[in-house]
There are 2 protein chains.
Amino acid sequence: MQLTKAEEQVMKYLWSLEKAYLKNILDEFPEPKPAATTIATLLKRIIDKGFIGYKQHGSNREYYPLVKKTDYFSLQMKSIIKDYFNNSAAQFASFFTTESDLSEKDLKELQKLISEQIKTKNKAK
Amino acid sequence: MQLTKAEEQVMKYLWSLEKAYLKNILDEFPEPKPAATTIATLLKRIIDKGFIGYKQHGSNREYYPLVKKTDYFSLQMKSIIKDYFNNSAAQFASFFTTESDLSEKDLKELQKLISEQIKTKNKAK
DNA sequence: AAATGTATTCTATATTTGTAGAATATAATT
DNA sequence: AATTATATTCTACAAATATAGAATACATTT
């Protein structure tokens with residue numbers, strides 16, 4: 001299941017905090033802050049969706065992500081690639097490298113990475 | 001402004017048709033098709049958001065995208081990269097190449113593309 | 001133990017989104 | 001001219017989402 005925008009925002013704060021009490025998350029929000037009950041509602045919904053867990057400490061809970069940011073991100077990417085590139089990661093990659101306007105330094109960095117990837121693939125054989 | 005899921009679906013059909021009357025879009029939908037008025041409502045909303053234009057032909061309209069699919073996609077990517085990669089396309093690219101599990105053939109293809117990119121960059125100097 | 005700070009749950013409302021019926025309008029067909 | 005096909009607008013309602021007040025509960029401080 002997917003997170004809504006508001007839920008995602010809470011997730012993002014939690015990912016950056018790694019673990020947090022309601023208060024800590026509320027503190028992250030810029031003014032005008034939402035009501036604490038709003039955060040509580042969102043936390044509850046995110047828990048129901050299985051993205052957040054918690055440890056009970058007295059009457060409070062210490063929340064922590066159950067899904068890694070990169071994993072959640074991967075899902076989003078897959079959905080975009082499916083929608084816009086006919087499910088082809090290669091097609092996406094080629095679009096991305098030509099359109100993203102990376103600097104020469106970035107491009108060379110990328111080349112190195114890809115070389116390593118290819119090496120790893122060959123080793124696996 | 002962003003499109004909602006239902007609006008995006010209509011956009012996708014319109015992108016693939018390039019231009020279309022309501023009927024043509026409706027035809028693209030698989031069974032069970034939505035009501036024609038539903039499509040009409042969505043079209044109107046998308047027009048208000050500025051993503052679609054039209055030419056009036058008698059009482060009908062021939063709709064066409066005002067935003068290219070790749071541009072719309074780029075916006076989505078930017079938003080994701082901003083959210084998950086601290087606004088660094090390079091960071092994203094490196095994550096992507098290591099995580100996307102491209103085939104060796106795809107990787108080599110990518111390398112070629114990037115080489116060309118670098119060449120183009122150098123020419124521009 | 002009373003007061004205070006914080007969190008949680010329950011409940012509720014406003015807004016946005018998805019969906020479509022009814023009424024209306026125009027063009028093409030009979 | 002009447003009928004039919006199609007599209008459009010207006011209106012409406014249901015579901016999902018965003019937001020938060022009221023009531024309640026526990027822990028800490030006084």
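Odds and ends about this structure:
- Apart from one condition, residue B:115 fits all of (1) in a helix (DSSP H, G or I); (2) open to solvent by 50 Å² or more (accessible area, probe 1.4 Å); (3) touching a helix residue (DSSP H, G or I) at 6+ places or on another chain (Cβ under 9 Å); (4) not β-branched (Val, Ile, Thr); the exception is (2).
- Selection of the stretch B:1-16 for residues being more than 8 Å from DNA strand C (Cβ to nearest atom) and either in contact with a strand residue (DSSP E or B) (Cβ under 9 Å, 6 or more places away or on another chain) or among the small types (Gly, Ala, Ser) (or both) yields B:10, B:11, B:13, B:14, B:15, B:16.
- Options A:55, A:12: the member that is at negative phi, within 14 Å of chain B (Cβ to nearest Cβ) and more than 9 Å from DNA strand D (Cβ to nearest atom): A:12
- Residue, most open to solvent (accessible area, probe 1.4 Å), within the stretch B:29-41, restricted to residues that are under 21 Å from the mean Cα position of the chain (by Cα) and farther than 19 Å from residue B:56 by Cβ: B:30
- Any chance residue A:22 is among the hydrophobic types (A, V, I, L, M, F, W, C), away from chain B (no Cβ under 14 Å) and near DNA strand C (Cβ under 8 Å from one of its atoms): yes
- Which numbered condition residue A:47 fails, given (1) within 12 Å of DNA strand C (Cβ to nearest atom); (2) out of contact with any Gly (no Cβ under 8 Å at 6 or more places or on another chain): (2)
- Total residues in the stretch B:91-107 satisfying the condition of being at the interface with chain A (Cβ under 7 Å from one of its Cβ atoms) and loosely packed, with under 15 Cβ neighbours inside 10 Å: the figure is 3.
- Among the residues examined, residue A:80 does not qualify as more than 14 Å from every other protein chain (Cβ to nearest Cβ) and surrounded by 12 or more Cβ atoms within 10 Å (Cβ to Cβ).
- Condition broken by residue A:38, with the remaining ones in (1) within 16 Å of DNA strand C (Cβ to nearest atom); (2) β-branched (Val, Ile, Thr); (3) modelled with pLDDT under 85 satisfied: (3)
- Criterion (under 22 Å from the mean Cα position of the chain (by Cα), closer than 30 Å to residue B:69 by Cβ and modelled with pLDDT of 85 or more) met by exactly one of A:51, A:96, A:92, A:85: A:92
- Of everything in the stretch A:64-77 that is within 16 Å of DNA strand D (Cβ to nearest atom) and more than 8 Å from chain B (Cβ to nearest Cβ), the residue that is least open to solvent (accessible area, probe 1.4 Å) is A:72.
- Residues in the stretch A:42-52 that are surrounded by 14 or more Cβ atoms within 10 Å (Cβ to Cβ) and more than 8 Å from DNA strand D (Cβ to nearest atom) were compared, and the one that is farthest from the other protein chains (Cβ to nearest Cβ) is A:47.
The values are calculated or read from the model by the stated rules, or taken from the named source; none is laboratory data. Just so it is clear, the model here is predicted, and its values are computed rather than measured. Positions of Cβ are generated from backbone atoms using ideal geometry, with glycine treated the same way; all protein chains shown enter the neighbour counts. Protein only, heavy atoms only, side chains kept; ligands, DNA and RNA dropped before computing areas. Shrake-Rupley method; radii C 1.70, N 1.55, O 1.52, S 1.80 Å.
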